[in-house]
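Here you go, one structure.
Quick note: the coordinates plus some simple rules give every number you see, no bench work behind them. Bear in mind that the values here come from a model prediction, so they are computed numbers and not experimental data. Every residue, glycine as well, gets a Cβ built from its backbone with ideal geometry; the counts of neighbours run over all protein chains shown.
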Amino acid sequence: MLKSTLVALLLTLLARKSYDPMITNDVSEEYDFIVVGAGASGAVVARGLSDKTGMTVLLLEAGESDYNNPLVPSAIKYGELQQSPYNWNYDVAKQKYSLLEIGKNAKYPGGKILGGSTAINGMNYVRGSPHDYDSWEDHGAKGWNWKDVEPFFRKNENSVDDKMSEKAGRGGLLNISISYENPFTAKLKTAAKEIGIREVDYFDEIEGISRFVCTRYKGLRQSSSEAFLRSGYKERQKSLHIVTNALVSKIHFVTGTSGKQKATGVSFIEDGKIGNVKARKEIILSAGALRTPQILMLSGIGPKNHLEEMEIEVVSDLPGVGANFQDHFGHFVHHAIEDSQFASHTTPESITEYIMNGTGHNSAALGGSVVLHHRTKYFGTNVSLSNKKRPFPSIQALFTSANIPVVFEPTKNHTFHTLLLLAVLHPKSKGEIRLKSTNPTDQPIIDPNYLSEEDDIKMYIEGFRKLEEFEMTKAMKEIGFRLVTPQVCNGSLYTNPPRPDEFYRCYVKSFGYAAHACCTAKIGQEGDEMAVVDERLRVRHVEGLRVADASVMPHVTSSNTQAPCYMIGRKASKMMKQDWNMNE
Ligand SMILES: Cc1cc2nc3c(=O)[nH]c(=O)nc-3n(C[C@H](O)[C@H](O)[C@H](O)COP(=O)(O)OP(=O)(O)OC[C@H]3O[C@@H](n4cnc5c(N)ncnc54)[C@H](O)[C@@H]3O)c2cc1C
């Protein structure tokens with residue numbers, strides 16, 4: 001174990017820019033399928049379509065290769081990754097209802113590398129609540145209820161941990177392992193018990209507290225590239241061509257035999273030059289919820305008014321493209337604790353444990369350990385069709401024991417901090433993606449429209465009230481766990497709970513985001529004018545074009561979004577195999 005972790009770390013450090021044998025230099029004129037974007041969904045789709053199917057597939061990725069990258073594998077590098085060129089670092093439109101510097105100097109992240117956001121994310125792997133998917137079906141995604149989608153999660157997963165739930169998949173390509181335990185996680189569980197929160201198996205029902213599961217193997221990150229592209233790539237080198245630094249700028253259409261517009265190929269920009277490549281069968285957009293709508297709109301598919309305003313020839317008027325933007329908005333919340341053993345991120349012991357065994361605090365991004373999913377009164381406000389019959393959690397608190405300094409600390413009478421991410425899981429506020437220009441290298445305009453709905457603020461305050469309950473438990477008082485209140489919200493006056501709603505109202509406005517963008521090309525039925533794809537992910541009113549990524553979700557799920565994106569990729573490739581009579 002020690003040997004393998006050391007060797008892997010050494011390799012990543014030594015061979016930074018070496019030649020990636022998986023990347024092709026020789027792009028053919030035509031492929032059966034073209035997949036755009038090698039993130040959570042795109043890598044799974046490309047693998048599925050090219051694995052012993054007799055088909056040829058081209059995977060085009062705008063970012064660079066992840067081969068021997070020194071930052072991607074290690075959780076300790078999470079912060080550095082966010083500042084690296086492997087993050088798109090999007091600007092966000094000035095927000096009307098929230099006060100965050102977003103729009104001034106805060107950026108919205110997204111992976112720009114083979115593996116997409118799975119190569120830079122927090123590695124937390126949660127399928128979500130089964131009710132999410134039943135609700136998707138209620139919202140028009142026929143065939144996407146929990147019973148339908150559960151096998152696709154399971155087939156992707158390879159639980160490498162004895163302690164993992166019986167319900168987790170085994171034998172799939174994505175290695176997942178359970179997070180660590182330390183004195184802090186034990187305290188959190190005791191505190192949860194004190195206030196009646198149950199421990200749950202979050203491969204089934206997530207409402208309660210659980211140790212979380214990471215996309216990690218032997219201490220190293222498992223991105224979609226590592227799991228689905230690199231494993232056994234030599235066997236697929238003829239059937240799957242992968243090109244990096246290739247930004248797809250446009251889809252080309254001709255009038256098909258049915259009279260509909262048929263997607264026939266794409267243009268892409270590589271090293272400043274434009275390349276063109278044709279698809280015999282289909283093009284699959286997996287560029288993520290921010291970029292897939294951009295490519296559709298640049299290609300003439302989107303809201304007619306907006307396309308005309310941009311002087312783009314309309315191929316299909318689909319008002320839902322770029323609409324319905326959803327995200328979990330969240331906030332890093334700092335608590336103080338008095339004893340160093342409960343905030344162990346940088347201790348020599350925890351670093352030694354990671355180097356020796358690939359385990360412990362440093363094997364998880366920001367030291368994430370325990371996660372709480374909690375239902376509030378305002379639950380499911382964004383899923384109104386279902387919220388009466390389906391008990392969605394609406395708040396997530398992701399506890400870490402990272403000792404991160406706090407800039408706004410008003411009192412300095414403690415030694416350590418912990419950090420948690422408090423997120424609203426079903427915000428009612430919706431945003432949109434629009435084109436800034438017709439230049440494909442320009443970022444799209446991203447307007448999340450956070451906090452435009454009062455209920456979202458109420459949900460957030462309920463989340464803080466739950467954290468106050470934690471603060472008041474005997475277990476947490478013993479370690480001096482208490483909220484570090486920011487002075488910017490007159491925090492020094494509110495050291496102890498219960499704090500007034502006004503304080504939290506101020507706190508929430510300086511919120512961040514959870515980077516779970518989705519839903520901007522949603523699945524829906526004929527008759528729903530905002531639907532962009534049908535239940536088989538085919539773009540409506542045209543032929544030869546599908547979307548398979550976070551964009552197709554009808555609404556955001558009740559937890560982190562990579563697991564559903566992996567599932568979407570798996571189900572998409574199964575549907576395409578059925579539609580084109582390919583081997584399973
Ligand atoms: C910083 C961060 C932390 C996160 N933490 C977690 C977490 O802990 N747990 C969790 O479950 N989820 C997390 N997420 C969210 C999760 O990673 C995403 O929901 C998921 O990866 C989305 O999958 P996707 O396939 O839709 O898009 P992505 O994985 O983002 O992949 C899209 C790919 O398309 C490429 N692309 C874009 N435009 C073009 C173009 N024009 N041409 C060619 N290629 C293009 C991109 O470079 C990218 O590689 C996090 C995300 C971020 C950014």
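I want to check the label-to-label distance for Asn496 and Val160. Put each point 7 Å from Cα in the C-beta direction and report it in nm to one decimal.
Label at Asn496, label at Val160, 4.8 nm between them.
Relative contact order of segment 432-504: what whole-number percent is it, with Cα pairs under 8 angstrom and at least 6 residues apart?
Relative CO of segment 432-504 lands at 20 percent.
Lys and Arg at +1, Asp and Glu at -1: add these up for the other residues within a Cβ distance under 15 Å of Gly79 and post the number.
Here the charged neighbours net out to +2.
Once you order the gyration tensor axes a ≥ b ≥ c over the Cα atoms, which shape class does segment 139-244 get: rounded for a/c under 1.5, otherwise prolate or oblate by comparing a/b with b/c? Before the final figure, lay out each step's value.
Values: a/c = 2.96, a/b = 1.61, b/c = 1.83.
Oblate, since a/c reaches 1.5 and b/c is not below a/b.
Let me ask something additional. Take peptides 493-501, 149-157 and line them up by average Cβ neighbours within 10 Å, highest first, as a rough protection proxy.
149-157, 493-501
Another question about this same structure. Placing unit charges on C-beta atoms (Lys and Arg positive, Asp and Glu negative, everything else neutral), compute the dipole magnitude of segment 300-342 about its Cα centre in debye, rounded to 20.
Magnitude of the dipole: close to 120 debye.
Go through the cysteines of the chain and tell me which have no other cysteine Cβ under 4.7 Å away.
Cys214, Cys565
Assuming a ≥ b ≥ c are the square roots of the Cα gyration tensor eigenvalues, decide whether segment 23-169 counts as rounded (a/c under 1.5), prolate (otherwise, with a/b larger than b/c) or oblate. Each step should come with its number before you reach the end.
Numbers: a/c = 1.44, a/b = 1.09, b/c = 1.32.
Rounded, since a/c falls under 1.5.
A further question follows. Under a 5 Å amide H to amide H cut-off, with H placed in plane at 1.01 Å, what residues pair with Val35 once short-range neighbours are removed?
Leu58, Leu59, Leu60, Ile284
May I ask you to list the chymotrypsin sites (Phe, Trp or Tyr not before Pro) in segment 39-139 that are in a DSSP loop and have at most 11 other Cβ atoms within 10 Å of their Cβ?
none
Within 10 Å of each candidate Cβ there may be at most 16 other Cβ atoms; applying that plus a DSSP loop requirement, which GluC sites (Glu not before Pro) in segment 186-275 survive?
Counting only loop positions with at most 16 other Cβ atoms within 10 Å, the GluC sites (Glu not before Pro) in segment 186-275 are Glu205.
Just order 253-262, 433-442, 565-574 by mean Cβ neighbour count inside 10 Å, highest at the front, would you?
On the way: 253-262: 13.3, 433-442: 16.3, 565-574: 26.6.
Ranked from most to least packed, the peptides come out as 565-574, 433-442, 253-262.
Another question, then. Determine the relative contact order of segment 225-284: mean sequence separation of Cα pairs under 8 Å and six or more apart, normalised by residue count, in whole percent.
That works out to 24 percent.
Next up: Once both axes come from the Cα atoms, what is the angle between helix 348-357 and the longest principal axis of the chain, in degrees from 0 to 90, rounded to 10?
The answer is roughly 40 degrees.
Also, I was wondering about something else. What is the magnitude of the charge dipole of the chain about its Cα centre, with +1 placed on the Cβ of each Lys and Arg, -1 on the Cβ of each Asp and Glu, and no other charges, expressed in debye to the nearest 20? Walk me through the numbers on the way to the answer.
Numbers: 68 positive and 68 negative charges, 121 e Å.
Charge dipole, the chain, about its Cα centre: 580 debye, nearest 20.
Starting from the amide H of Glu543, placed 1.01 Å from N in the peptide plane, find each other amide H under 5 Å away whose residue is 5 or more places distant or on another chain.
Gln261, Lys262, Ala263
If you don't mind, another one. Quickly estimate the mean residue ellipticity at 222 nm for the chain, helices only: each DSSP H run with n ≥ 4 gives -39500 (n - 2.57), and the total goes over all residues, rounded to 500. If you can, show how the numbers build up before the last one.
On the way: 13 runs with 138 residues, N = 584.
For the chain, the value works out to -7000 deg cm²/dmol.
While we're on this one: Using the Cα gyration tensor of segment 94-181, with a ≥ b ≥ c the square roots of its eigenvalues, what is the shape: rounded (a/c below 1.5), prolate (a/b larger than b/c) or oblate (neither)?
Details: a/c = 2.32, a/b = 1.39, b/c = 1.67.
Taking the square roots of the gyration eigenvalues as a ≥ b ≥ c, segment 94-181 is oblate.
Taking the 0 to 90 degree range and rounding to the nearest ten, how far is the long axis of helix 183-194 tilted relative to the main principal axis of the chain, both from C-alpha atoms?
Here the helix axis deviates by roughly 80 degrees.
Please compute the contact order of the chain in relative form: average sequence separation of alpha-carbon pairs under 8 Å and at least six residues apart, divided by the residue count, as a percent.
22
Further question: Which cross-chain or sequence-distant (5 or more) residues have an amide H under 5 Å from the amide H of Ile337, H modelled 1.01 Å from N in plane?
Amide H neighbours of Ile337: Thr415, Phe416, His417, Thr418.
Nearest 10 degrees is fine. How inclined is helix 562-579 to the longest principal axis of the chain, computing both from alpha carbons?
Orientation of helix 562-579: about 20 degrees from the principal axis.
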